[in-house]
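Working notes, structure below.
The values are calculated or read from the model by the stated rules, or taken from the named source; none is laboratory data. As the structure is a computational prediction, the values presented were derived from the model and not from experiment. Every residue, glycine among them, receives a Cβ derived from its backbone with ideal geometry; neighbour counts consider all protein chains shown. In case anyone asks, the SASA skips ligands and DNA or RNA and just uses the protein heavy atoms, side chains included. Shrake-Rupley method; radii C 1.70, N 1.55, O 1.52, S 1.80 Å.
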Amino acid sequence: MTSETITAAAAGTWRLGDLAVNRVGFGAMRLTHLADGSPSDRERVTGVLRRAIELGVNHVDTASFYFSPLRSANELINRALAPYADDLVITTKVGPGRDAAGQWWWAEPGQLRAQVEENLRQLGRDHLDVVNLRIPRRETTGSIAEHFGALAELRTAGLIRHLGISNARPDHLAEARAIAPVVCVQNPYGIGSPAEDHAFLDACGEQGIAFVPFFAIAGAGKEAGASAEDSPEVLALAEAHGVSAAQLRLAWTLSRGPHVLAIPGTGNPDHLVENVAAGALRLTADEVALLDAL
């Protein structure tokens, strides 16, 4: 499969509320540093962002807590892409915070406005297109009503256009939807995810809500990135299609439903082209079923 002429439109589109996006987007987490923790090259990663837009990417996922000692993802996006294209949708998330030393903390409901305003300042915008409430531990977190309600008030005030939730359970989604419309659920998901995650993805589709996986390529590697080793089934299918294992994982993720959006992240221009090209790869029903079973 040749990559150079394939754009993000190849995977089709979905609407986040009233905002249409190509289903292959871009995640900003990896812009600020290399895999070994050293700073990224500023010109290289701003070039990757601009190239993503040239390739039709119009959905960028970021957060104010994506930073390293020398780089801020939001400020890199601002530098590379402002003034922003009219069709560019920037999604961010709040809930977690990091101090200057990189130590994590979690916002109380009354602290969420300051986090929203920090994203606005860094991105140079007067409103945020989509804000996800990131939930600390989906296995143990109870009610999210107070936090989500605080974001709903900011939506009413015009600081936020649309709301989503991240790292969430089905009961969190039901609770949030009783407060305000939810346009997306952003959860860890990929080949090998448990049955309840597949069911939640399907349920989001039935409700017209975008499902936006993170770690779709990295899998169990999470923030560290994809493992050098992959299952024989993934490697064999990737070879049969003439693509990388990462591209196959993205294609499978997109095959799970028209409401599934991919946000692979990279600071490598070659990987960017490959990620976008994965949106054009079509797997057969048998191939999808084989990967579903892993």
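Once the C-beta distance of A20 and D99 is scaled by a Förster radius of 25 Å, the resulting FRET efficiency is 0.10 to the nearest 0.05.
How big is the antiparallel share of DSSP beta bridges in the chain, given as a percent to the nearest 5?
On the way: 9 of 34 bridges.
Antiparallel: roughly 25 percent of the beta bridges in the chain.
When each of the peptides 83-95, 232-244 is scored by how many other beta carbons lie within 10 Å of its residues on average, the order from highest to lowest is 83-95, 232-244.
For the stretch 230-276, what does the alpha-carbon gyration tensor say about shape, rounded, prolate or oblate, given a ≥ b ≥ c as the root eigenvalues, a/c under 1.5 as rounded, and a/b over b/c as prolate?
Details: a/c = 2.16, a/b = 1.12, b/c = 1.94.
The shape class here is oblate.
The order of the peptides 203-212, 284-293 by mean Cβ neighbours within 10 Å, most packed first, is 203-212, 284-293. Once backbone amide H atoms are built at 1.01 Å from N, N58 has N22 as its partners under 5 Å, excluding neighbours fewer than 5 places away on the same chain. The residues W105, W14, sorted by heavy-atom accessible surface at 1.4 Å with ligands and nucleic acids left out, run W105, W14 from largest to smallest. Taking label points 7 Å from Cα along the Cα-to-Cβ direction, E43 and A195 give a separation of 5.5 nm.
Report the antiparallel proportion of the DSSP beta bridges in the stretch 81-173 as a percent, rounded to a multiple of 5. Could the numbers behind the result be given before it?
Values: 3 of 13 bridges.
Among the beta bridges of the stretch 81-173, antiparallel pairing accounts for roughly 25 percent.
Centre-to-centre, using Cα atoms only, the stretch 248-283 and the stretch 126-160 are separated by 27 Å.
Among A195, A176, A63, the largest mean-square fluctuation in a Gaussian network model of the chain, built with springs joining Cα atoms closer than 10 Å, belongs to A195. A crude spin-label estimate for the pair A157 and A180, with each label 7 Å from Cα along the Cβ direction, gives 1.0 nm. Calculated [222 nm] ellipticity per residue, helices only, for the chain: -10500 deg cm²/dmol; basis is -39500 (n - 2.57) per DSSP H run with n ≥ 4, divided by all residues, nearest 500. Taking only protein heavy atoms and a 1.4 Å probe, the accessible area of the chain is 52% carbon and sulfur. Which of the three applies to the stretch 162-294, rounded, prolate or oblate, going by the alpha-carbon gyration tensor with a ≥ b ≥ c and a/c under 1.5 meaning rounded? Note, shape of the stretch 162-294 comes out prolate.
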